[in-house]
1. Which listed residue (Ile47, Pro115, Phe99) has the Cα farthest towards the positive end of the charge dipole for the stretch 33-115, taking +1 on Lys and Arg C-beta and -1 on Asp and Glu C-beta about the Cα centre?
2. Using Cα centres only, tell me the gap between the stretch 40-109 and the stretch 122-136 in whole Å.
3. Hey, rough spin-label estimate for Ile91 and Phe10, points 7 angstrom out along Cα→Cβ, what's it come to in nanometres?
4. Among Thr81, Thr58, which comes first, second and so on when ranked by fewest other beta-carbon atoms within 10 Å?
5. Multiplying the sequence separation of His80 and Phe119 by 0.36 nm and subtracting their Cα-Cα distance, what value in nm do you get?
6. Charges at C-beta only: +1 for Lys and Arg, -1 for Asp and Glu. How large is the resulting dipole of the chain about its Cα centre, in Debye rounded to 20?
7. Is it possible to state the helix-based mean residue ellipticity at 222 nm for the chain, with each DSSP H run of 4+ residues giving -39500 (n - 2.57), the sum divided by total residues, to the nearest 500 deg cm²/dmol? What is it?
8. Give me the extension gain from Val98 to Ile131: residue separation times 0.36 nm, minus the current Cα-Cα distance, reported in nm with one decimal.
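Any read-out appearing in this document is the output of simple, stated calculations on the displayed coordinates, not a laboratory observation. As the structure is a prediction and not an experimental result, all values here were calculated from the model. FYI the Cβ positions are ideal-geometry reconstructions off the backbone, even for glycines, and counts take in every protein chain you see.
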Amino acid sequence: MTLELFIRYFHFISIITVAGALVSEHMLLEKSLPRKTIKKLAMIDAIYGIAAILIVITGLTMWFGVGKGADFYNTNPVMHTKFTLFIVIGILSIFPTVFFMKNRKGDQDELVEIPKKIFMYLRIEIALLFIIPLLAVLMARGISF
């Protein structure tokens with residue numbers, strides 16, 4: 001029981017961290033930014049990445065270990081939808097991550113134009129992220145499609 005609580009706690013903290021990082025990235029974005037700000041964005045994005053990895057580790061641990069059991073999760077379409085949304089968010093996050101990594105070095109005061117796609121990807125990630133808790137509540141209540 002204690003192990004399950006510990007894993008669930010880290011799962012929730014990781015989710016909160018991912019949400020905070022995405023919102024922080026979005027709030028820092030402007031049409032053009034100095035490289036020093038892009039470097040900060042890259043660090044926030046690294047925190048986002050670490051938290052996302054922890055979500056996967058703790059989620060899979062609950063799925064195949066200490067949670068309700070693999071039978072519950074394997075047959076639950078809400079769980080599969082939730083997992084699919086998480087994967088889509090992860091795929092969308094590749095583009096901002098690559099942009100931040102490529103543009104963080106150089107003259108720290110030089111302005112870099114931020115492509116509109118980066119704004120769009122972050123906004124879609126945030127929107128999808130806010131659907132996942134609804135699915136989690138439905139799943140926890142035993143509601144399925």
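1. Positive-most Cα among the choices belongs to Ile47.
2. Each part reduced to its Cα centre gives a spacing of 12 Å.
3. 2.8 nm
4. Values: Thr81 17, Thr58 23.
Ordered from fewest to most neighbouring Cβ atoms within 10 Å, Thr81, Thr58 come out as Thr81, Thr58.
5. Numbers: separation 39, 0.36 × 39 = 14.04 nm, distance 2.73 nm.
Stretched out fully, the His80 to Phe119 stretch lengthens by 11.3 nm.
6. Numbers: 15 positive and 10 negative charges, 25 e Å.
Using Cβ point charges on Lys, Arg, Asp and Glu, the chain gives about 120 debye.
7. On the way: 6 runs with 109 residues, N = 145.
Only helices count here, giving -25500 deg cm²/dmol.
8. 9.4 nm
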